[in-house]
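Take a look at the structure below.
The values are calculated or read from the model by the stated rules, or taken from the named source; none is laboratory data. Note that the structure is a prediction, hence the values are computed from the model and not measured. Glycine also receives a Cβ, built like all others from the backbone with ideal geometry; neighbour counts cover every protein chain displayed.
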Amino acid sequence: MRKLTALLAASLALACLTAATAMAGTTLTYANFPPAKTFPCIQMEHWKAEIEKRTGGEVSVQTFPGGTLLSAKNMFRGVQTGQADIGCISTSYYPGVFPLMSVVNLPVAFTTTEVASRVMWDLFRKYQPNEFADVKVVTMFTSAPSQIMSKEPVKTLADLNGMELRASGSILQILSGLGAQGVGMPQSQTPEALQKGVVKGLVSSFDVLKDFNFAESCRHETITNLPVYPFAVIMNKARWESLSPEIRKAIDDLGQEQAVWTGKYLDQHIQDSLNWSKETYQVEVHELTAEEHARIKELGAPLVDQWKTEAAKAGLDADAILADMLALKAKYEAQ
Ligand code: 3IO
């Protein structure tokens, strides 16, 4: 009898505990570095809504845009150490840290964000790169092809001479080949740098004209179609392993969809942003000549060989990765 009572008490306690856990649910913190209006945060809110819906409210996601939980450069470490459960990183801010996925930052002339984001996700799935071994990768996506936004007009490549432009990753090297002065910093520091005159413009995608209101100070936009910036959304590994199989499945099922959703959103939004900038600030869009585009391409070529050398040093099959990326790009461009 006493045994039975003890058993009953134990199962009651367990039932209460289970109920309490279910009621309390699981809260995941999600850190992001740029302001709430920008596309990395728009996709974060979309992911939050989807996961909350798909887990029937069992998971709630608490989002922290604008570097309020982790800044751009603390993001990777901060997620590894569990300061945030989830974080969004722009991989170009971490030179040498992502020898495989930095292939997506090469000048291979991606034409849309959707294609670049699909390619990035597929490459990640195929190679499961060691550089992300310490974290769980939730999704990946890219920015749109990069353009010059500047205070003074860049009507020809010669106008770039000595011009300080904010950028990051492979674009810095292309800029220096063009005679410009690339200044490396995260996007989240660009407003202050522009305002103080430390830089005279930036190289990024056109969404930022509206979302950071850069159109107000950068009235000149030059179409260069420079590389995309790759992004990864990562989760603390121990936190991931603490989640139920159902929650993990909901997150895994969303990985590719989220990459595609973000790509489509940004492709549309860069158009909206450019139109808004023309109407609001009468920005001018400058086109370069075919010869100038050829010159940009020529300056990009050595970056591919440089990437290969770095990738080989990291023990990667650089030729296979590059060939896969180009094949995936061709496949998705044909669709
Ligand atoms: C970017 C980064 C943060 C917010 C909006 C953005 N649009 C394009 C980018 C890419 C970029 O310039 C970067 O540094 O990641």
| query | Is there a residue being surrounded by 13 or more Cβ atoms within 10 Å (Cβ to Cβ), within 16 Å of the ligand (Cβ to nearest atom) and closer than 30 Å to residue 81 by Cβ anywhere in region 233-242? | reply | yes
| note | Restricted to region 20-41 and to residues being at pLDDT 95 or above and surrounded by fewer than 19 Cβ atoms within 10 Å (Cβ to Cβ), the residue farthest from residue 272 (Cα to Cα) is 26
| field | Filtered residue count, region 123-148, keeping only those that are hydroxyl-bearing (Ser, Thr, Tyr) and surrounded by fewer than 20 Cβ atoms within 10 Å (Cβ to Cβ) | value | 1
| Residue list for region 86-122, filter: among the charged types (D, E, K, R) and surrounded by fewer than 23 Cβ atoms within 10 Å (Cβ to Cβ) | 122
| query | What number of residues within region 243-268 are within 14 Å of the ligand (Cβ to nearest atom) and within 23 Å of residue 76 (Cα to Cα)? | reply | 2
| request: Can you give me the ranges of the strands (runs of 3 or more DSSP E) entirely in region 202-293 with at least 1 residues that are on the phi > 0 side of the Ramachandran plot? | output: 220-226
| message | Regarding region 245-259, can at least one residue be identified that is surrounded by fewer than 17 Cβ atoms within 10 Å (Cβ to Cβ), over 25 Å from residue 117 (Cα atoms) and out of contact with any Pro (no Cβ under 8 Å at 6 or more places or on another chain)? | response | yes
